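I'd like to ask some things about the structure below.
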Amino acid sequence: MPATGTTRTTGRYERTSAAGEDVLAFVPLPLPPTEPPLAPNAALAGRLRAAERALQRFELAMNILPEVDWLVGALARMDAVASSRLSGVRSALTDHFGVEAHDDTPAPRAGSSTPVEAARDLFDAQRLARRSIAAAPGTPISVALLCEAHQRLVPIAKANPGKLRSDATWVGGSRPSNAIFVPPPPHRLADLMGELEGYWQSDDPQHPLIRAGLVLMQFDTIRPFEEGNGRIGRLLVTLLLERWKLLPAPIVGLSRFFERHRREYHRRQNAVRLDGDWEGWLDFFLDGVATAADEAVGSARSLALLVANDRARVLAHDGVSISALRLLDGLPRHPIVTVASVMALIGTTKPTAGKAIELLVAAKVLTESTGKKRDRVFVYASFLERLDVDSATGSAVNMRELRGISN
């Protein structure tokens, strides 16, 4: 609750029609919160300091660890899968990498997505947004960029990809009249998103982590798209934290934390809309940032240790070859492979690709997963198992071990 103990007004209700029913839609007031203004208490200030320290540990770890690029990709995929799960799309990391082993050139699809395709679409949307930012340094993060990412996120035939929704929607319940809340009507979206964009592009004096929490909540209340709002909102927060120099790499994802605490996530959001309890939401959000940062460090540590140990074992194996080492170097990015995908990955012939795979199988790095004699699929099983464990639980942080990996 606000520091004064009073209820804060965070929006107003507007009568609208949704699915043929006359309902009251919630239209949020612009950021930052007022009436009364945001007043961080001692507990919230402590949460903020803890989140800052966790992000500093994360930055130190990224400076210590070798081969950060593949770690970025692996952990970004973990967050894409968790973000999709939080939005009700169930898939596994093994399925996600399995699709990539057979298709290295994804394209937008018409029609419905499978859960695996949906998670991959989110990862591709994340890459597209970051490439757009990298191509024009200094360009502000904008609603147009989010629309571009949304266009990649949802299939062509679904949900007006890349466009603000044109229909009313509701959250929870079987119909609008028994919904948890009804977001703003479509004719309000352009103005609301313009105000929100103006806020995140402004020089608000609040700490960037506080601002990020406010933006995520506001975006989730506006729900500007017909589908994919949660995933695009969480992507927006990551992009902002990078732009505001709080993240050295885009791999501190909040999705796993929110997924594990789904009920509290929704409870805190509803408390903002109903009671104006921005402070309670921010306390939860900052706890998520600190937890996610420490888990990212732990995951990076365990993955880097695993890869370093496997590399040492392959180097000690009889008959080790340059092609086998090149394949090993590529496995963290592509932990499920076929002979054809290895040919493309290391740029070699079919016989050489086959021999490289055989050596890594003999070294117990790769495992054949189909039991077939043709069209075989090989899996970096220990790597994927580590990803799945960390995706669910996170890992402890040990900075001494991190330094050992880099030596």
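The values are calculated or read from the model by the stated rules, or taken from the named source; none is laboratory data. All values reported here derive from a predicted model rather than from experimental measurement. Note that we place each Cβ from the backbone using ideal geometry, even for glycine, and neighbour counts take in every protein chain shown.
Counting only residues that are surrounded by fewer than 24 Cβ atoms within 10 Å (Cβ to Cβ) and assigned to a helix (DSSP H, G or I), how many does the range 308-326 have?
12
Now a separate question. Do you know which residues across the range 223-245 are assigned to a helix (DSSP H, G or I), farther than 16 Å from residue 144 by Cα and among the hydrophobic types (A, V, I, L, M, F, W, C)?
Passing the criteria: only 241.
Shifting gears a bit: When residues of the range 172-196 are filtered for being surrounded by fewer than 19 Cβ atoms within 10 Å (Cβ to Cβ) and within 26 Å of the chain's Cα centre (by Cα), how many remain?
The qualifying residues number 5.
Can you list residue pairs whose Cβ atoms sit under 9 Å apart, with the first residue in the range 167-180 being hydroxyl-bearing (Ser, Thr, Tyr) and the second being surrounded by 12 or more Cβ atoms within 10 Å (Cβ to Cβ) and part of a strand (DSSP E or B)? Count only pairs 6 or more apart in sequence or on different chains.
Sorted first by the residue in the range 167-180, then by its partner, the pairs are 169/18; 177/18; 177/21; 177/23.
Take residue 282 and tell me if it is surrounded by fewer than 19 Cβ atoms within 10 Å (Cβ to Cβ), assigned to a helix (DSSP H, G or I) and in the same structural domain as residue 206 (by TED's automatic domain parsing).
In short, no.
State whether one or more residues within the range 265-278 are assigned by TED's automatic domain parsing to the domain that holds residue 52, surrounded by fewer than 19 Cβ atoms within 10 Å (Cβ to Cβ) and among the small types (Gly, Ala, Ser).
Scanning the range 265-278, I find at least one residue that is assigned by TED's automatic domain parsing to the domain that holds residue 52, surrounded by fewer than 19 Cβ atoms within 10 Å (Cβ to Cβ) and among the small types (Gly, Ala, Ser), so the answer is yes.
Are there any pairs with C-beta distances below 6 angstrom linking a residue in the range 253-271 that is without any contact (Cβ under 8 Å) to a residue 24 or more places away in the chain to a residue that is surrounded by fewer than 23 Cβ atoms within 10 Å (Cβ to Cβ), with the two at least 6 apart or on different chains, and if so which?
268/280; 268/281; 268/284; 271/277; 271/280
Right, next: Residues that are under 30 Å from residue 183 (Cα atoms), basic (Lys, Arg) and touching a residue at least 40 places away in the same chain (Cβ under 8 Å): does the range 295-316 have at least one?
no
What are the pairs with Cβ atoms under 9 angstrom where one residue, in the range 375-392, is at pLDDT below 80 and the other, located anywhere, is among the basic types (Lys, Arg)? Sequence gap at least six, or different chains.
387/77; 390/256; 391/256; 392/256; 392/260
Scan 219, 225 and give me the residue that is at pLDDT 90 or above, aromatic (Phe, Trp, Tyr), buried (at least 20 other Cβ atoms within 10 Å of the Cβ) and closer than 30 Å to residue 55 by Cα.
Only one candidate passes the filter, namely 219.
Rundown of residues vs (1) part of a helix (DSSP H, G or I); (2) closer than 21 Å to residue 141 by Cβ; (3) at pLDDT below 90, yes/no style:
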| position | (1), (2), (3) |
| --- | --- |
| 250 | no, yes, yes |
| 253 | no, yes, yes |
| 257 | yes, no, yes |
| 264 | yes, no, no |
| 271 | yes, no, no |
| 289 | yes, yes, no |
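Within the range 339-368, count every residue that is polar (S, T, N, Q), surrounded by fewer than 18 Cβ atoms within 10 Å (Cβ to Cβ) and more than 20 Å from residue 306 (Cα to Cα).
Here the count works out to 1.
While we're on this one: I need the full set of residues from the range 11-59 which are assigned to a loop (DSSP other than H, G, I, E, B), crowded, with 18+ Cβ neighbours inside 10 Å and either outside the structural domain of residue 200 (by TED's automatic domain parsing) or aliphatic (A, V, I, L, M) (or both), in order please.
Within the range 11-59, 31, 38 meet the criteria.
Kindly establish whether residue 334 is in contact (Cβ under 8 Å) with a residue 24 or more places away in the chain, in a loop (DSSP other than H, G, I, E, B) and crowded, with 18+ Cβ neighbours inside 10 Å.
So residue 334 fits the description; yes.
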